[in-house]
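Let me begin by presenting the structure, written as structure tokens, before commenting on it.
Values quoted throughout were computed directly from the atomic coordinates according to the rules given, and no laboratory measurement underlies them. Because the structure is predicted, anything quoted here is derived from the model rather than measured. With ideal geometry, Cβ positions are generated from the backbone for all residues, glycine too; neighbour counts draw on all protein chains shown.
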Amino acid sequence: MPPALISAQHIHKTYQGNGLRVEALRDVSFELPEGACAVICGPSGGGKSTLLHMLGGIDRIDTGSLSVAGVRLDQASDAALNQFRREKTAFIFQFYNLLPSFNALDNVCLPLLARGVPKKQADEKAAEALAQVHLSARARHKPSQLSGGEQQRVAIARALVVRPSLILADEPTGDLDSQAAQEIMDLIVSLNNSQGVSFVVATHNLDIRKIATHTFEMRDGRLEQA
Amino acid sequence: MKLLTALRYLLVHIRHDWLRSLLTVLSVAAIVCVYLMSSAMVNDMQRLGQSLLRFPESLLLVFSRNAVFPTDSHIERADLAFYADKIEASFGADAVAEEVPFLYRVVKIGEHSVIVAGANYTSLGNITRLDLVEGDWPSNFEQVLVNRDFAALTGIGVGGQLSIYGSDLAVVGVIDSGLWQNALILLDYEQAMHIYQLVDDFQIGGLQLAAWVDPIEAHQALQGVYNDELCCHVYLHDHYYALTQNAFKGFISLYGVVQAIGLLLITFGAYNAAALALAEHQREIIISRVIGFSGRQMAGLLLLRTYLVMSMAFLLGWLAAALITHVSYTLNPFSMSGVMIMLKFTAADVLAAFAWTSLCTVLGVIVSSLRYDPLKKGSQLRSLSKGRAV
């Protein structure tokens, strides 16, 4: 049995503000092995994005224990969390979130430059990552010159380029037509199978279940294995 | 991330965001330009206040009442004689060693306004330093002397030709005198009366006191005898100097205030450039942090970006100020009381402004950055899952 990539035990997260108190995660527990491709389905506002933020170390849980890629996120210092974010995970968003000033190659380079990789080396790795998502021909195009599907593929290349243990995808096909969505799903399957990259995908697109090794349902902050 | 790589990315970012960047650059450049031009005016006013006339202590000066600038004064022999008599009445005969009338005009030579002074050479030599440093003393009414400042300013020295009030004059000598700090053509008194067709009609009078007369006591002796009909004032050298300094104090203060406002606006400009970069690129900053940039890296990039924009603005403002002052000085030269308004700001002015701009940029970025850290605000992070625009 492969070692657990994610181990979450009884995690809770509550947001408070403007007189409102929202229990975003309620007693969530699950485990995922390395190389998994997990899909979390459920309606909007159910807590899927919140769970991804916790798994990605960009927000902290209130109670419980959470271990991802061997790092105890509930006990990590800010510096350790920073290091975890840089080395272990990468994000893909529904609306791509590419930087509009820079072309595809530069967008993919940025995570490497943030990690101190020299520009020439970063360019080579970014070109490789773009080739993996079949976008070499569009490397010099800016986001505004790319279709939605192409932008999402650039976002996937940007996530891949740092070789993370885990890629967290938040509604990666939510803004795409069915053909582009299918291409993205195929790409995720291919990367998962060929390179062993682990994915956790949050979506309410039920078609994505077809690519999952593990499927969860999230509703009102509670997670259940489907 | 290496500096050169960061600069390349930031320049691409600034170019992509060119309209907002341009507006920031132009607004700060305008402020820098105003600051440097007001510095140039302060420099000119300080020079003016120091350069009207420098008299020896033993000389009392007779001016038209309330006149500050020599060109505004107008007195006659009788006025000078009146005060000489009063001094001698108090201190005895020969208390006034010499009565020295000065003609004082401002004329334009080429593009430059310069002083024309008419005074008896021998008398001048008695009351102040008057050294011939080049050429000869004039031997007739068609020959004149100029000082070093004049030669430097106009390029006309010994052998040059001048035309004053319809008279063609040859420059035969260059003098150095402690009395004038500005560009000067020096005529003999009789020559000046001849050229200007006057008879003992001049601007200021000097009363050279005998060595045994205390100038302060002599001046005090005249306090009670101001003659309303003569409408004159008598000054000790330091009183006159204080008067001229005071006359320019208002200008200096005014332009000093403009300078201070300029510096204050540079402060706001730097803060605004940093705050705008933060406010208008929040989403990009959050994305950058999520893909791996640390808070410190982002602060460094923000500082570098703001510094680039401010440096461009400073350079543009500096060039604009240099161009405006140069064009103004070249195309429309003007003077005040015979002293050229040079409109020159110094290297120290530029360095001070740049140092201040740099300091304000750093502080602006620090203050702006302290206001928030994107990774500590879950709501901002959650915004990445919403909305398309970046």
**Request:** Using label points projected 7 Å from each Cα along Cα→Cβ, tell me how many nm separate B:Ala355 and B:Ser139, to one decimal.
**Result:** 5.7
**Complete:** Computed about the Cα centre, the charge dipole of chain B from +1 Lys/Arg and -1 Asp/Glu charges at the Cβ has a magnitude in debye, to the nearest 20, of 4760
**Message:** Can you give me the long-range amide H partners of B:Val96? Hydrogens built in the peptide plane at 1.01 Å from N, cutoff under 5 Å, separation of 5 or more residues or another chain.
**Reply:** B:Ala210
**Request:** Quick one: go through the stretch A:175-208 and flag any residue whose amide nitrogen is under 13 Å from the point 7 Å out along the Cα-to-Cβ line of A:His134.
**Result:** A:179-191
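Taking only complete DSSP H runs, can you tell me which helices of chain B stretch 24 Å or more along their own long axis by Cα positions and average at least 1.6 on the Kyte-Doolittle scale?
Helices passing the filter in chain B: B:347-370.
Over the residues of the protein assembly as shown, compute the C-alpha Rg and express it relative to 2.2 N^0.38 Å.
Relative to the 2.2 N^0.38 Å estimate, the protein assembly as shown comes out at 1.62.
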**Prompt:** At a Förster radius of 25 Å, what calculated FRET efficiency corresponds to the Cβ-Cβ distance of B:Gln282 and A:Asp177, to the nearest 0.05?
**Reply:** 0.25
**Request:** Using label points projected 7 Å from each Cα along Cα→Cβ, tell me how many nm separate B:Ala247 and B:Glu88, to one decimal.
**Result:** 3.0
**Asked** Could you give the length gained on full extension between B:Asp131 and B:Gln223, defined as 0.36 nm per residue of separation minus the Cα-Cα distance, in nm?
**Response** 29.6 nm
**Prompt:** In debye to the nearest 20, how big a dipole does the stretch B:59-237 give about its Cα centre with +1 on each Lys and Arg Cβ and -1 on each Asp and Glu Cβ?
**Reply:** 420
**Complete:** Sorted by chain and then number, the residues having a modelled amide H within less than 5 Å of the amide H of A:Cys37, at least 5 places away or on another chain, are A:Phe199, A:Thr213, A:His214
**Asked** Relative contact order (percent) for chain A, with alpha-carbon contacts under 8 angstrom and 6 or more residues of separation?
**Response** 29
**Prompt:** What is the calculated FRET efficiency for A:Lys120 to A:Arg60, with r their C-beta to C-beta distance and R₀ = 41 Å, to the nearest 0.05?
**Reply:** 0.65
**Asked** Hey, fewest Cβ within 10 Å first, where do A:Glu183, B:Glu98, A:Glu224 land in order?
**Response** A:Glu224, B:Glu98, A:Glu183
**Complete:** Among B:Phe69, B:Phe82, B:Leu153, the residue whose Cα sits farthest towards the positive end of the charge dipole of the stretch B:59-237, when +1 is placed on the Cβ of each Lys and Arg and -1 on the Cβ of each Asp and Glu, is B:Leu153
**Least to most buried among B:Ser139, A:Ser7 (fewest other Cβ within 10 Å first)** = B:Ser139, A:Ser7
**Message:** For Cα pairs less than 8 Å apart in space and 6+ apart in sequence, what is the mean separation divided by the residue count of chain B, i.e. the relative contact order in percent?
**Reply:** 29
**Asked** Dipole of chain B (Lys/Arg Cβ +1, Asp/Glu Cβ -1, origin at the Cα centre): which of B:Thr267, B:Val171, B:Val367 lies farthest to the positive side?
**Response** B:Val367
**Prompt:** What is the local net charge at A:Leu112, summed over the other residues whose Cβ is closer than 14 Å to its Cβ (Lys, Arg +1; Asp, Glu -1)?
**Reply:** +3
**Request:** Sum up the charges of everything whose Cβ sits under 12 Å from the Cβ of A:Leu187, counting Lys and Arg as +1 and Asp and Glu as -1, but leave A:Leu187 out.
**Result:** -2
**Asked** Ordered by residue, what ³J(HN,Hα) values in Hz, to whole numbers, does the stretch B:66-74 give under the Karplus form 6.51 cos²θ - 1.76 cosθ + 1.60, where θ = phi - 60° and Gly and Pro are x?
**Response** 6, 7, 9, 8, x, 5, 8, 8, 8
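Of the chymotrypsin sites (Phe, Trp or Tyr not before Pro) in the stretch B:159-201, which ones lie in a loop per DSSP and count no more than 16 other C-beta atoms within 10 Å?
Of the chymotrypsin sites (Phe, Trp or Tyr not before Pro), the ones in loops of the stretch B:159-201 whose Cβ has at most 16 other Cβ atoms within 10 Å are B:Tyr165.
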**Fill in**
Rounded to 0.05, the calculated FRET efficiency for the beta carbons of A:Leu20 and A:Arg222 at R₀ = 22 Å is 0.70
**Message:** Suppose each label sits 7 Å from its Cα in the direction of the beta carbon; what would the B:Ala170-A:Ser77 distance come out to in nanometres?
**Reply:** 9.1
**Prompt:** Just how large is the dipole of the protein assembly as shown about the Cα centre, in debye to the nearest 20, putting +1 at every Lys and Arg Cβ and -1 at every Asp and Glu Cβ?
**Reply:** 4920
**Item:** Mean separation of Cα contacts under 8 Å, 6 or more apart, over the residue count of the stretch B:59-237: relative contact order %
**Value:** 38
**Fill in**
With the label point 7 Å along the Cα-to-beta-carbon line of A:Ser29 and a cut-off under 18 Å to each amide N, the hits in the stretch A:190-226 are A:216-219, A:221-226
